[in-house]
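Asker: Sharing a structure below in structure tokens format, with a few things to ask.
The values are calculated or read from the model by the stated rules, or taken from the named source; none is laboratory data. Given the structure is predicted, the values throughout are model-derived calculations rather than measurements. Cβ: placed from backbone, ideal geometry, glycine included. Neighbour counts: every protein chain shown. Quick note on the areas: whole protein, heavy atoms, side chains included, nothing else; ligands and nucleic acids left out. Shrake-Rupley method; radii C 1.70, N 1.55, O 1.52, S 1.80 Å.
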Amino acid sequence: MTKPPFMVFTDLDGTLLDHESYSYAAALPALAQLRARNVPVVLASSKTGPEIHALREELRLSASPAIVENGAGLLLPREAPPGQGEAYQRLRAALDLLDPDLRRCFRGFGDIGPEGVVEDAGLSYEKARMACQRAWSEPGLWEGDADQKRAFLAALADHGITARRGGRYLTLSFGGTKADRMDEAAALFGHPPRIALGDAPNDREMLEHADIGVIIANPHGAPLPELRGERDGAILRSQKSGPAGWNEMMLKLTSRLS
Ligand SMILES: [Mg+2]
């Protein structure tokens, strides 16, 4: 395989996908240019393998890996999404070894099932079903107090499990961030220069880990504070929001870098 001139890592909601309509239509011209230059475009999100897989096919990006479950896992090029993976089963087994009083404080997706996710997150049943097909991490609602939480996290740490807060969920995994997965994905292509795009504070790691970071304007969310790297030009900001901003910035960078 010839080494691509660069590769792209992108957040989805509010970045490649419109905040409200979830459309990527405005980014199609830049995506076509990237495809013509064989530039891998790595989708990176909290979504599960089955969720990302469907979008990756639709965008004709199946030759690129995808970062799933917030960096807890990497879906390889052309790989079909795994079913409930072995790591996920180990996570669930560790939860069931906890003291019942602590166990009760955490209601994971595996406890509430697709019906519970529909109720909690307001997703359609089909989306909730895919969100429950997890391979590497378990999000859930925390319903205990601070002391219980300390004990819960300490007991899970004995099994090598870490927790991260993201939105309303506490997500358990065996570690791995989007930035770690960027290195793994880049290794598949001989480590070309990396561009990362994101719109929110949870993309910061990825933006700072890339050679060029692009903050996509999102008038609906809390703005990202000025990042290290913005002064020396390693991190840029788009004028337009969502996929229109993605398109604008990627067309500019594609002509600059190729
Ligand atoms: Mg986002």
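Asker: Name the pairs whose Cβ atoms lie under 9 Å apart, with the first residue in the range 152-170 and open to solvent by 80 Å² or more (accessible area, probe 1.4 Å), the second assigned to a helix (DSSP H, G or I), and 6 or more positions between them or separate chains?
Answerer: Here the result reads D158/A94; H159/R90; H159/L91; H159/A93; H159/A94; R164/N70; R168/D120; R168/A121, each pair linking the range 152-170 to a residue that is assigned to a helix (DSSP H, G or I).
Asker: A27: away from the ligand (no atom under 16 Å from the Cβ) and either open to solvent by 10 Å² or more (accessible area, probe 1.4 Å) or under 24 Å from E208 (Cα atoms) (or both), yes or no?
Answerer: No.
Asker: Working only within the range 43-58, note down all residues that are out of contact with any Cys (no Cβ under 9 Å at 6 or more places or on another chain) and away from the ligand (no atom under 15 Å from the Cβ).
Answerer: Start the filter on the range 43-58 by keeping residues that are out of contact with any Cys (no Cβ under 9 Å at 6 or more places or on another chain), which leaves 43-47, 49-58.
Across the range 43-58, the qualifying residues are G49, P50, H53, A54, R56, E57, E58.
Asker: Something else now. With respect to the numbered conditions (1) at pLDDT below 95; (2) within 30 Å of K3 (Cα to Cα); (3) outside any loop (DSSP other than H, G, I, E, B); (4) open to solvent by less than 60 Å² (accessible area, probe 1.4 Å), which one is the sole condition not fulfilled by K47?
Answerer: K47 satisfies all of (1) at pLDDT below 95; (2) within 30 Å of K3 (Cα to Cα); (3) outside any loop (DSSP other than H, G, I, E, B); (4) open to solvent by less than 60 Å² (accessible area, probe 1.4 Å) except (3).
Asker: Residue under question is E184, and the condition is that it be away from the ligand (no atom under 12 Å from the Cβ), over 25 Å from S241 (Cβ atoms), out of contact with any Asp or Glu (no Cβ under 6 Å at 6 or more places or on another chain) and outside any loop (DSSP other than H, G, I, E, B); does it hold?
Answerer: Details: away from the ligand (no atom under 12 Å from the Cβ): yes; over 25 Å from S241 (Cβ atoms): yes; out of contact with any Asp or Glu (no Cβ under 6 Å at 6 or more places or on another chain): yes; outside any loop (DSSP other than H, G, I, E, B): yes.
Yes.
Asker: Then there's this: When the residues of the range 1-23 are narrowed to those that are over 18 Å from G221 (Cβ atoms) and modelled with pLDDT of 95 or more, which ends up nearest to the ligand (Cβ to nearest atom)?
Answerer: F9
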